[in-house]
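First up is the structure itself, then whatever we jot down about it.
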Amino acid sequence: MSISQSTAIAAEQVAEAQPQRPGYFGPYGGQFVPEVLMPALRELEVAYAEARDDPEFQAALARQLRDYVGRQTPLYHAPRLSEAVGCRVYLKREDLAHTGAHKINNALGQALLAKKMGKQRIIAETGAGQHGVATATVCAKLGLACVVYMGVEDVRRQSVNVFRMQLLGAEVRPVESGTKTLKDAINEAIRDWVTNVRSTFYIIGSAIGPHPYPTMVRDFQSVIGRESREQVLEQAERLPDAVVACVGGGSNSIGMFAGFVDDPGVRLIGVEPGGVGMGPNENAATLVSGKIGVLHGTRTLILQDDDGQILGTHSVSAGLDYPGVGPEHSYLQSIGRASYVAISDQDALDGFRLLCRTEGIIPALEPAHAIAYLRDLGRELGPDGTVVVCLSGRGDKDIDSFREATGGLA
């Protein structure tokens, strides 16, 4: 098996080749990594289990989320958007968190854990740059060295975030291999981790990777769902009919879903990037059209060809441009607890414009996919329907991408 783990492997082969380990969601998840990383994963499992049950660690995290990140973020009833899409819409304003996206919740939690473990060097990977900015931010705050890997295509698309990371003291290493996007950045981050495993903590930004990362990221992001549930009960005096969030790797959505997964009357809907079509290399809609395999250390649904090779992906949104998805999402879909749809680039651009024009909020292109789906949901639910949408990030970083994709038409 290559270090990069970028080759899809048939599920049956994986099951035969690898022992079963903790961290499974049904048949998905596990730890499929080079043997050299296993001691680091075991060390992380133990440290995270201790931190999760440590009142002092949890109190310190809660203080930092309140005083540094700015939680709780508002739940905003969006009246003009509601009128436009035909149902009552509440927006969970993660775009108002420090650094402008939900990524800070997880980056802060993992950085505090790294500090507790005595790790002084942090590596991360990023697509849209928001996880990179969040990691660079918490490293600056805690005095930790920081290296961020980023595909050169994403460096081009997200140049403002590259400068923000450098301004915060991080070293940004462009990745030239493959499709030059998030998948390839993760490959390089894993290579770095293998080489420097004793001194380095790898902050993974989405609910992907080997156990315990999918669980850990979900737990750190579950604050989104917990707050949303309390807030919608207070404001609407009822639970919503549906909760909607965009899905790339799936961190904001799994955090939002965590607050409602035990409420069977609340539909959980993930919105994937449908790109320019549903053919090979035209989208990144993993849950809609992926097959079981292994990618970046976890067994999940991935986009692959008949020979098990990873397909190229496309999305107007750099943050959703990934051929895999967190294993818990694959499980939620398999048991019918969550459903997933694909939204095209063009519809996402329309969703982006719709929120700008109706509520004076410029969203990131990632949650613009979720906004775009609201018209379909509004036709189904009608004006009495209530929906909570995770607005996972703000759109400053995407202005140039939007302008380029629309030919300069506002």
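The values are calculated or read from the model by the stated rules, or taken from the named source; none is laboratory data. Everything numeric in this text was worked out from a predicted model, so none of it was measured. Note that we place each Cβ from the backbone using ideal geometry, even for glycine, and neighbour counts take in every protein chain shown. Protein only, heavy atoms only, side chains kept; ligands, DNA and RNA dropped before computing areas. Shrake-Rupley method; radii C 1.70, N 1.55, O 1.52, S 1.80 Å.
Taking the 0 to 90 degree range and rounding to the nearest ten, how far is the long axis of helix 182-195 tilted relative to the main principal axis of the chain, both from C-alpha atoms?
Between the helix axis and the principal axis of the chain, the angle is about 30 degrees.
How long are the semi-axes of the equivalent ellipsoid of the range 59-182, taking √(5λ) for every eigenvalue λ of the Cα gyration tensor, in whole Å from largest down?
Details: eigenvalues 162, 94, 21 Å².
So the equivalent ellipsoid measures 28, 22, 10 Å along its semi-axes.
Exceeding 29 Å between C-alpha atoms, which entries from my cross-link table qualify? They are LYS141/LYS397; LYS103/LYS291; LYS116/LYS291; LYS115/LYS180; LYS92/LYS119.
From LYS141/LYS397; LYS103/LYS291; LYS116/LYS291; LYS115/LYS180; LYS92/LYS119, over 29 Å: LYS116/LYS291; LYS115/LYS180; LYS92/LYS119.
Carbon-plus-sulfur fraction of the accessible area of the chain, 1.4 Å probe, in percent?
That share works out to 50 percent.
Once the chain is represented by equal point scatterers at the alpha-carbon sites, with solvent omitted, what log10 I(q)/I(0) does the Debye formula produce at q = 0.10, 0.13, 0.15 Å⁻¹?
Each listed q maps to, in turn, -0.59, -1.05, -1.46.
In sequence order, what are the phi-derived ³J(HN,Hα) couplings for the range 49-65 according to the Karplus relation 6.51 cos²θ - 1.76 cosθ + 1.60 with θ = phi - 60°, rounded to whole Hz, with x for glycine and proline?
Each residue's phi maps through the Karplus curve to give 4, 5, 5, 5, 9, 9, x, 5, 4, 5, 5, 5, 4, 4, 5, 5, 5 Hz.
In nm², what is the average projected area of the convex hull enclosing the Cα atoms of the range 206-324?
7.8
So what's the back-of-envelope 222 nm ellipticity for the chain, counting only DSSP H runs of four-plus at -39500 (n - 2.57) apiece and dividing by all residues, rounded to 500? Could the numbers behind the result be given before it?
On the way: 16 runs with 179 residues, N = 410.
Calculated from helices alone, the mean residue ellipticity at 222 nm is -13500 deg cm²/dmol.
Using the heavy atoms of the protein chains alone and a 1.4 angstrom probe, what is the accessible area of the range 331-377 per residue in square angstrom? Numbers along the way, then the final one.
Working: 1630 Å² over 47 residues.
Counting only protein heavy atoms, the per-residue value for the range 331-377 is 35 Å².
Please compute P(r) over all alpha-carbon pairs of the range 61-127, binned at 10 Å starting from zero, and give each bin as a whole-number percent.
18, 35, 27, 13, 6, 0
Among SER228, SER339, SER177, which one shows the biggest mean-square fluctuation in a GNM of the chain, springs joining Cα atoms closer than 10 Å?
Of the options given, SER177 has the highest mean-square fluctuation.
Can you tell me the order of 365-373, 195-203 when each peptide is scored by its average per-residue count of other Cβ atoms within 10 angstrom, highest first?
The packing order, highest mean first, is 365-373, 195-203.
Give me the angle, in degrees from 0 to 90, between the Cα long axis of helix 365-381 and the longest principal axis of the Cα atoms of the chain, rounded to the nearest 10.
Approximately 50 degrees, to the nearest ten.
Using the scaling law 2.2 N^0.38 Å as the reference, what is the normalised Cα Rg of the range 270-357? All intermediate terms of the calculation are to be shown ahead of the outcome.
Numbers: Rg = 13.2 Å, N = 88, 2.2 N^0.38 = 12.1 Å.
Relative to the 2.2 N^0.38 Å estimate, the range 270-357 comes out at 1.10.
By how many degrees, between 0 and 90 and to the nearest 10, does the Cα long axis of helix 103-117 differ from the longest principal axis of the chain?
30
Order the peptides 290-298, 302-310 from the highest to the lowest mean number of other Cβ atoms within 10 Å of their residues.
290-298, 302-310
Please work out, to two decimal places, the log10 of the ratio I(q)/I(0) at q = 0.10, 0.15, 0.20 Å⁻¹ from a Debye calculation in which every Cα of the range 98-240 carries one identical scatterer.
At q = 0.10, 0.15, 0.20 Å⁻¹ the computed log10 ratios are -0.35, -0.71, -1.15.
Per residue, what volume in Å³ does the Cα convex hull of the range 312-406 take up?
118
Under 5 Å between amide hydrogens, which residues at least 5 positions from ASN281 or on another chain qualify, with H placed 1.01 Å from N in the peptide plane?
GLY312
Under a plain spin-label model, where a point goes 7 Å from the Cα along Cα-to-Cβ, how far apart in nm are GLN166 and ARG191?
2.2
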